[in-house]
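For reference, the structure discussed in these notes is given below.
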Amino acid sequence: MDFSGSESVPGPQEEDLLPASVATAVKVVIVGGFGVGKTTLVGSVSEIRPLTTEETMTQAGAGVDDTAGIERKSFTTVAMDFGRISISDELVLYVFGTPGQERFWFLWNGLFEGALGAVVLVDTRRLEVSFDVLGRLEDRGVPFVVATNAFPGSPDHPTEELRAALDLPAEVPIVRCDARSRESSRDVLMALMRYLYDLSAQPV
Ligand SMILES: Nc1nc2c(ncn2[C@@H]2O[C@H](COP(=O)(O)OP(=O)(O)OP(=O)(O)O)[C@@H](O)[C@H]2O)c(=O)[nH]1
Ligand SMILES: [Mg+2]
């Protein structure tokens, strides 16, 4: 068979390869309601070119997808986002972003398989889109932290007010972030790792 005319597929780039020192890989999932910035966070934090499955939002979504507050949004995740970040020479995180639209939530089952923890990204202008997400996550029993993403005009509620509004247990960490910033997104993942570590260190 002659493949001479076929396009050559580029091999992995040097920066895509994991150093041999990496001993532990942890899977974490980013969840949240529609348009809260999940794809943005995975993209900003990832040290490899993130895999995204975004599609143009179509007329089919009109009346279904609530774009109030995010009117300029024109793409939406239909399957998942994927990125990777090295926390140290030995530890790497695989970061999976979920689709925010409820009609794709059946994909959560696969995305959560083997995950150690989750980040719930919240837009404080639209807290109500987070309620179902939090409920589903609590049903799964997966430990999570909550990160509020800074949009223009986002109310900055005191942490304890936010905890009450979202009905969160006292131990769940709540952090602020700007999903567009690599450093800020990294801090969110570090908060999750610290929380997971603290949970694992607790006596049973
Ligand atoms: N100002 C501001 N805009 C943001 C921020 N994070 C995301 N955005 C914008 O908000 C819109 C939605 O962000 P996405 O990352 O697509 O949100 P998502 O949660 O992945 O959306 P779905 O996959 O459709 O649920 C995009 O137009 C982003 O550019 C932020 O921290 N600040
Ligand atoms: Mg998305």
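The values are calculated or read from the model by the stated rules, or taken from the named source; none is laboratory data. Quick caveat: nothing in here was measured; it's all calculated off a predicted structure. With ideal geometry, Cβ positions are generated from the backbone for all residues, glycine too; neighbour counts draw on all protein chains shown. SASA here: full protein model, heavy atoms, side chains in, ligands and nucleic acids out. Shrake-Rupley method; radii C 1.70, N 1.55, O 1.52, S 1.80 Å.
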What residue among 131, 34, 96 shows peak mean-square fluctuation when the chain is described by a Gaussian network model with Cα springs under 10 Å?
131
Given the options 127, 184, 31, identify the residue whose Cα lies farthest towards the positive end of the charge dipole of region 20-201 (+1 on Cβ of Lys, Arg; -1 on Cβ of Asp, Glu).
184
To the nearest 20 Debye, how big is the dipole of the chain about its Cα centre, given +1 on the beta carbon of each Lys and Arg and -1 on that of each Asp and Glu?
200
Rel. contact order, % - alpha carbon contacts under 8 angstrom, at least six apart, the chain:
24
DSSP H helices in the chain with Cα extent of 18 Å or more along the helix axis and mean Kyte-Doolittle hydropathy at least 1.6?
none
On the protein heavy atoms, probe 1.4 angstrom, tell me the percent of accessible surface of region 20-201 carried by carbon and sulfur.
53
Heavy-atom accessible area per residue, region 20-201, 1.4 Å probe: how many Å²?
48
Dipole-positive endmost among 195, 96, 149 within region 20-201 (Cβ charges, Cα centre):
96
Label-point separation (nm) for residue 13 and residue 163, each offset 7 Å from Cα along Cα-to-Cβ?
4.2
Cβ-Cβ FRET estimate between residue 180 and residue 200, R0 fixed at 30 Å, reported to 0.05:
0.45
Gaussian network model of the chain, Cα within-10 Å springs - most flexible of 92, 22, 145:
22
With every protein chain kept in place and a 1.4 Å probe, the residues 197, 94 fall, from largest accessible area down, as 197, 94
If you place +1 on the Cβ of every Lys and Arg, -1 on the Cβ of every Asp and Glu, and leave all else neutral, what size is the dipole of region 132-171 about its Cα centre, to the nearest 20 Debye?
140
Ranked highest first by the average count of other Cβ atoms within 10 Å around their residues, in what order do 48-56, 150-158 fall?
48-56, 150-158
